[in-house]
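No value in this document is a laboratory result; all are computed from the given coordinates. Because the structure is a prediction, the values reported are computed rather than measured. Positions of Cβ are generated from backbone atoms using ideal geometry, with glycine treated the same way; all protein chains shown enter the neighbour counts.
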Amino acid sequence: MKTSFARSFAQLFAWISFVICSAAIAHAQQRPLITEDVDIIPPGSLRIEAGVDFVQKARFPVSGLTGDLTRAGVIGINIGFAPNVEFQIEGVAQNVLSINSRSASAIPLNLASNANSTSDIGDFTLWAIGLNQTNAHGQVLFGKKFGQDARVNTFGNLGIGILTAPTSLFSQNDVLTYGVASIVRLNRQFSLAGEVNGRANTRPGSGPLGTESQGEARLGMQIRASGLRFDFAGIKGLTKRSPRSGITVGVTYDTPSIFTPAK
């Protein structure tokens, strides 16, 4: 009974947080970080991001595959519709997994037994590794700026994710999601960026396959030049199911106001 009540409360909190965040705290990520910033882009403008991620020893417990994952064309488009409304589209043009090892799979795989890689084009998940889940997330965002000219931007996220267990019928896992980040502007060109971001399993043990705890730390820089913002960061996994390490590089372009925003 207590477990059922806790799960119902978690679902209610997630949906309330989702509505609040969507309606009143529109936000955007700042590459190379994945923690959501409370600042939004100016109404009537667009932010276009593109990058490449490479991580070593990426683990996929549902399929039993482990290997080096390259995410080419990590694309994000943010559109500022109003002072408190922002629309986001995010995805990956191509995922490529170089398979280093494989263990027993909990799902059928359309993958030859001697295959040493698998890839997918134009999708949000790896072909043959995607979990076909419908998940719900709700987060509360917070932030504070410090120093002269607000050169130190600190922000964070705390919330709940309701994840469908991909290998168990009518089963789910309620995870705690978190992120703490900071961007320190060194001068007009260079900024230092770092974060810790992930999710924590709330079930006994490691939780259902595909919903385990995951986390990573990122440390890198943003470089402004020629009207663009270039970025790079190192990635370090923080849990047993997280990739061991990796790097990300990318570029961001913020357009001037190109349409009349909603009032």
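Per-residue Karplus couplings for the stretch 69-79, computed as 6.51 cos²θ - 1.76 cosθ + 1.60 with θ equal to phi - 60°, are listed in order as 9, 10, 10, 9, x, 7, 10, x, 10, 10, 10 Hz, Gly and Pro entered as x.
Counting only Cβ charges, +1 for Lys and Arg and -1 for Asp and Glu, the dipole size of the stretch 168-224 around its Cα centre is about 380 debye.
Label zone (I107, point 7 Å along Cα-to-C-beta; backbone nitrogen cut-off 17 Å) within the stretch 173-199: 173.
Between A82 and S206, the contour length at 0.36 nm per residue exceeds the alpha carbon distance by 40.5 nm. The modelled label-to-label distance for the pair Q56/N114, using points 7 Å beyond Cα in the direction of Cβ, is 2.9 nm. Listed values for the stretch 41-52 are Karplus-derived 3J(HN,Hα) couplings in whole Hz (6.51 cos²θ - 1.76 cosθ + 1.60, θ = phi - 60°), namely 6, x, x, x, 10, 10, 10, 10, 10, 8, x, 9, and x replaces Gly and Pro.
Label-to-label distance, S257 versus L186, with points set 7 angstrom from Cα along the beta-carbon direction: 3.4 nm. Couplings 3J(HN,Hα) of the stretch 190-207, computed from phi: 10, 9, 9, 10, x, 6, 10, 9, x, 9, 10, 5, 9, 8, x, x, 8, x Hz, in residue order, whole Hz [Karplus 6.51 cos²θ - 1.76 cosθ + 1.60, θ = phi - 60°; x for Gly and Pro]. Multiplying the residue separation of I247 and L158 by 0.36 nm and removing their Cα-Cα distance gives an extension gain of 29.6 nm.
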